[in-house]
1. Would you check if A:Ala531 is within 14 Å of another protein chain (Cβ to nearest Cβ) and in contact (Cβ under 8 Å) with a residue 12 or more places away in the chain?
2. As an exercise: evaluate A:Ala641 against (1) surrounded by fewer than 22 Cβ atoms within 10 Å (Cβ to Cβ); (2) modelled with pLDDT under 95; (3) part of a helix (DSSP H, G or I) and give the number of the one condition it does not meet.
3. Assess whether A:Ala608 counts as being within 10 Å of another protein chain (Cβ to nearest Cβ) and crowded, with 19+ Cβ neighbours inside 10 Å.
4. Within the bounds of the range A:645-658, is there any residue that is assigned to a loop (DSSP other than H, G, I, E, B), within 22 Å of A:Thr542 (Cβ to Cβ), open to solvent by less than 50 Å² (accessible area, probe 1.4 Å) and away from chain B (no Cβ under 14 Å)?
5. Looking at B:Ala69, B:Ala36 in this structure, which one is facing chain A (nearest Cβ under 8 Å) and touching a Phe, Trp or Tyr at 6+ places or on another chain (Cβ under 6 Å)?
6. Of all residues being under 13 Å from the mean Cα position of the chain (by Cα) and more than 7 Å from chain A (Cβ to nearest Cβ) in the range B:39-56, which is most open to solvent (accessible area, probe 1.4 Å)? Just the residue, please.
7. Would you point out which residue out of B:Gly59, B:Gly76, B:Gly102, B:Gly92 is small (Gly, Ala, Ser), touching a residue at least 24 places away in the same chain (Cβ under 8 Å) and more than 10 Å from chain A (Cβ to nearest Cβ)?
8. For A:Val592, work out the one condition from (1) over 22 Å from the mean Cα position of the chain (by Cα); (2) assigned to a strand (DSSP E or B) it doesn't fulfil.
Amino acid sequence: MSRIGVFICHCGENIARTVDCARLAEESGKLPGVMVSVDYKYMCSDPGQNMIKRAIAEHKLDGVVVAACSPHMHEPTFRAAVVQSGMNPYLCEMANIREHCSWVHTDRELATEKAIDLVRVMVEKVKRNQELFPIRVPITKRALVIGGGIAGIQAALDIAAGGHEVILVERQPSVGGNMARLSETFPTLDCSQCILTPRMVEVARDPRITLYTYAEVEEVEGFVGNFKVKIRQKAKSVNADICNGCGDCWNKCPMKKIPSEFDAGLGYRTAIYVPFPQAVPNTPVIDREHCLKFLKDKCGVCAKVCTRGAIDYEMQDEIIEAEVGAIVVATGYDLYGIGKEQPNERWKGYGEYNYDTYKDVINGIQFERLLSASGPTQGEVRRPSDGKVPKSVAFIACVGSRDPEKGIEYCSKICCMYVAKHAMLYKHKVHDGQPYIFYMDIRAGGKNYEEFVRRAVEEDGVLYIRGRVSKIYKDGDQLVVVGADTLSDSQVQIRADLVVLATAMVPHKNAYEFAQKIGIACGSEGFYSEAHPKLRPVETMTAGIYLAGACQAPKDIPDAVAQASAAASKVQLLFSSDELEREPIVAKVNEVTCVHCRNCIRVCPYSAIDDKEIRDRHGNLIRMVAEVNEGMCMGCGTCVAACPSKSVQLAGFNDEQVFAEILALGHE
Amino acid sequence: MVSDEMETEGKPALSEKEWQPKIIAFVCNWCTYAGADLAGTSRIVYEPHVRVIKLPCTGRIDVSFIIKAFEQGADGVMVSGCHPGDCHYTAGNYHARRRFAGFRDLLEFCGFDMRRVIFSWVSAAEGKKWADLVNEVVGKIRELGPFKEYQNLLAQSAL
């Protein structure tokens, strides 16, 4: 027989005005199993809580129902109170007679009837509540950072600075990401490489950071605090331990005309290469798709010239397994390829701009390379077709962005700023040149951003034309940009030597597949989803996985760095204790009755349920069942409803409890 | 608060025999329960005939809960959770939606009056929607009257 106490709160007048609390206490007292039923003006006050604590001891209660406000308000208060009397907190429940009753009804009699029902429901439930204990999960205090751009670098450095080990994985042969390709950065115009390379060197040098470049994360298993990851270290064909980065190999490599990815196709590289001179690590890799040794089994010059014998044509991909407690995803962005070939049906491209056809129609990152001192023109602005210095340049903003017709509705956020910067830097290099900018609006929200745009207009004579460009065609060796000027309501034609398109930022092309692989969610555009758009902007819905940088949404460098530091601090917070304590509202499988239909495994939104083998003592497989991983289960109960043999139950909300609640309403 | 009291005073005392609709609502903890809390904090007055049973997620709602509710004399059953795409548990409400679509067809096939089962989405921000929904459902069930068909069948099967 249960011994339940019912404690009814007047909440001053808030409840008592509409609900007859004395009658409620009297009726509740008649319920089977209720040992004590009292009402009081403020149950949450100290005297109220003491009343509960005393009653638990006096009446040897094994369950408490507090009929008061919403459990979202005071459940923690009352559960903490019963704990002080030695009762398990999960034996205390609340009946919501304020928000769900007294505040929304006016008929005293009907409201009191409802309150009696609500109390009865909770009394029946609490009789079947079991003692539950927080689940403790150990934490591996090592973080994995995926992506070695500025966001990944910042996150790795911050976590390492907190004294934890970090594994940093970068797909390219060098860290640095897109930021390493930029010339100068708005709004301060400091050289991108000058501020970035010290950070790159730091991640390579920090003893707590293990850096894998030319590597990709293949698999993520496990859960918060206890992830198991597999990293594919692609064969570099160069032994990084021996190589000293002297450069003899790439200087002698005969394959000199391979378009450089780093220079966005404007420059060339060799088959054995480092992407750029300041690369970290400064170890070359062999691009096997272009190397004569691999294509035709000829050449082998790099091995011959390498005095240290670091070249290893036999090298194989290697799978590295690691255990980590937290993951920061910082996989960055791509640019909308605006040509005719598009990766999906929604994106229509901009065939009318002839990006594919005309060499002198380039995108923003290509123009960055033309401006960069480490770029293919050593920082001189020369157009790709004939190397001439362009005397007029048309910059077109919002190419792809904010254009639902072409497939992308969002604003790429950074283009207004970098277009202004491009026009400014061009003017600084070609004093007699004329930059034109076609724009929709100027969005310069950010510290010193608006001032920067004004400077471009007022000091550098950049000509802003508000309107869209309808087509670009060739006339002689110039390009004619045809567009509208919506401020003067006229058509304009600009003759330009070079056209730069500010193309939209899009998620990395494998973003969706990668999200599936590691178990996080993507929005419709493919950017990774944060747990809450305002209050949890760096967490994902998967506990222990955090986001940093442009993989979550288009953002500029300061925002990416801020988010990376925020993600790092979340990781530090997680690593600040040795064990993770979780609410014990989790599902559990009854292995005796489970028939292994796998329904629960299929419906679990968290992939928290897995197959389990039951073997006899000789190791022979007897049968298979499902098993819930307590560390991953979030307690939604979807598996419980899906189980045909009722072999999964959710602690705190098991079938017995819910049916008892329903039965409690069927009394008449 | 004075007006509240006056309203109560004006009403005749509830007669013992007068039928009142009995409606059981299964709601998720994160959206609809919180939405109903909001209706409370906003003091939106609505009909007092609905009894809420809180579950973590609509995904937890077993269709047998609905049957059991009718068996226990409910005249109507409501199921409400987070809007599609907004589930606290990412996808529980999708599973619920799919489960109820099949369940609906089955009930309909059995000749069940589907006007007595109401599915809806109410978010934590939709206190007004919750109140309106309850009023609408209570109105509808009042029109339909007590669920005698089910009770009669139940009585027959007991014989």
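1. Considered against the rule, which asks whether it is within 14 Å of another protein chain (Cβ to nearest Cβ) and in contact (Cβ under 8 Å) with a residue 12 or more places away in the chain, A:Ala531 comes out as no.
2. (1)
3. no
4. No: the range A:645-658 contains no residue that is assigned to a loop (DSSP other than H, G, I, E, B), within 22 Å of A:Thr542 (Cβ to Cβ), open to solvent by less than 50 Å² (accessible area, probe 1.4 Å) and away from chain B (no Cβ under 14 Å).
5. It is B:Ala36.
6. Among residues in the range B:39-56 that are under 13 Å from the mean Cα position of the chain (by Cα) and more than 7 Å from chain A (Cβ to nearest Cβ), the one most open to solvent (accessible area, probe 1.4 Å) is B:Glu47.
7. B:Gly76
8. Going through (1) over 22 Å from the mean Cα position of the chain (by Cα); (2) assigned to a strand (DSSP E or B) one by one, A:Val592 breaks only (2).
The values are calculated or read from the model by the stated rules, or taken from the named source; none is laboratory data. What you are looking at is a predicted structure, and each value in this text was computed from that prediction instead of being measured. Heads up, the Cβs are rebuilt from the backbone with ideal geometry, glycines too, and the neighbour counts pull from every protein chain shown. Areas reflect the complete protein model, heavy atoms only, side chains present, ligands, DNA and RNA absent. Shrake-Rupley method; radii C 1.70, N 1.55, O 1.52, S 1.80 Å.
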